[in-house]
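Worksheet: the structure to be examined is printed underneath.
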Amino acid sequence: MDIYLIRHTQTANVEGLCYGQSDLGLAISFPEEVEVLHDKLPSFDQDCRVFSSTLTRCVQLAETFSKSVIKDPRLQELNFGDWEGQRFDDIDPVALQDWTDNFATAKPPNGESFADLYQRAGEFWQELLATPSDQVIIVTHAGIIRALLARVLNLPPANAFQFRIDPGSVHKLQRVDDYIYLEYVNL
């Protein structure tokens with residue numbers, strides 16, 4: 001099974017904005033970015049399964065691969081709770097530093113920790129592996145991709161941020177029997 005983890009393209013957000021599960025639209029450069037992204041990928045079979053976060057920035061990209069996108073809320077980005085939609089400069093610096101220093105276990109007010117995200121991404125992953133197919137595309141967010149890569153490599157959640165995950169990037173995994181190979185990251 002070939003598994004392509006794809007991060008959504010650039011968003012139309014304000015620089016410095018804290019957004020995880022905020023439903024932001026895509027940048028006006030989306031058509032050009034989609035073309036570049038599709039050029040990185042092989043042709044996909046008709047029965048290729050396409051999964052997406054339920055957020056617009058992922059669904060819009062996923063629909064360029066298939067009209068039968070399976071939307072799963074477990075593929076959403078980290079929930080920043082009360083910080084959603086605020087500029088990072090406007091968040092209490094002590095609370096923000098505490099979260100930054102302990103992101104794996106600390107939660108923004110009324111939000112979730114990276115460990116929470118790692119857990120829900122893992123639940124999705126186990127279901128995916130239980131129903132294999134030849135090709136799978138997962139259009140999601142940097143946090144989910146980091147969590148899945150860390151899970152595959154048996155890294156602790158705190159080490160997941162060592163992966164660079166650019167907007168519009170592709171990360172390929174291949175499952176052969178019960179083993180997962182990491183083909184490439186951040187293409």
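Structure notes:
- Cα-derived Rg over Rh, computed across region 2-184 with Rh taken as Kirkwood radius: 0.96
- Amide H contacts of residue 170 (H built 1.01 Å from N, in plane; Pro and chain starts excluded): 186, 187 sit under 5 Å, all sequence-distant by 5 or more or on other chains.
- Comparing Cα centroids, region 95-141 and region 26-64 end up 21 angstrom apart.
- Loop trypsin sites (Lys or Arg not before Pro), region 9-71, which have at most 12 other Cβ atoms in a 10 Å radius of their Cβ (DSSP): 67
- Taking every C-alpha pair closer than 8 Å and separated by at least 6 residues, the mean separation divided by the residue count of region 2-184 gives a relative contact order of 33 percent.
- Lysines whose Cα lies under 28 Å from that of residue 107, excluding same-chain neighbours fewer than 8 positions away: 71
- Value of relative contact order over region 7-50, rounded to a whole percent, pairs C-alpha under 8 Å and six or more apart: 37 percent
- Contact order relative to length of region 71-121, as percent, for alpha carbon pairs under 8 angstrom and 6 or more apart: 45 percent
- For residue 26, the amide hydrogen comes within under 5 Å of the amide hydrogens of 12, counting only partners 5 or more places away or on other chains and with H modelled in the peptide plane.
- Between the beta carbons of residue 98 and residue 15, assuming R0 = 25 Å, the FRET efficiency works out to 0.60 to the nearest 0.05.
- Antiparallel bridges, percent of DSSP beta bridges restricted to the chain (to nearest 5): 50 percent
- Estimated [θ] at 222 nm from DSSP helical runs (n ≥ 4, -39500 (n - 2.57)) normalised by residues in the chain, nearest 500: -8500 deg cm²/dmol
- Region 102-187 - convex hull of alpha carbons, volume per residue in Å³: 102 Å³
- Applying the Karplus relation 6.51 cos²θ - 1.76 cosθ + 1.60 with θ = phi - 60° to region 106-121 yields 3J(HN,Hα) values of 7, 10, x, x, 6, x, 10, 8, 5, 4, 5, 4, 4, 5, 5, 5 Hz, where x marks Gly and Pro.
- Residue ranges 17-26, 132-141 sort as 132-141, 17-26 when ordered by packing (mean number of other C-beta atoms within 10 Å per residue, highest first).
- Phi-based couplings in Hz for region 2-17 (Karplus 6.51, -1.76, 1.60; Gly and Pro marked x): 8, 10, 10, 8, 10, 7, 3, 7, 4, 9, 8, 8, 7, 4, x, 7
Coordinate-derived values only; no laboratory data. For clarity, every value in this text was computed on a predicted model and none was experimentally measured. Please note: Cβ atoms are built from the backbone with ideal geometry, for glycine as well, and neighbour counts cover all protein chains shown.
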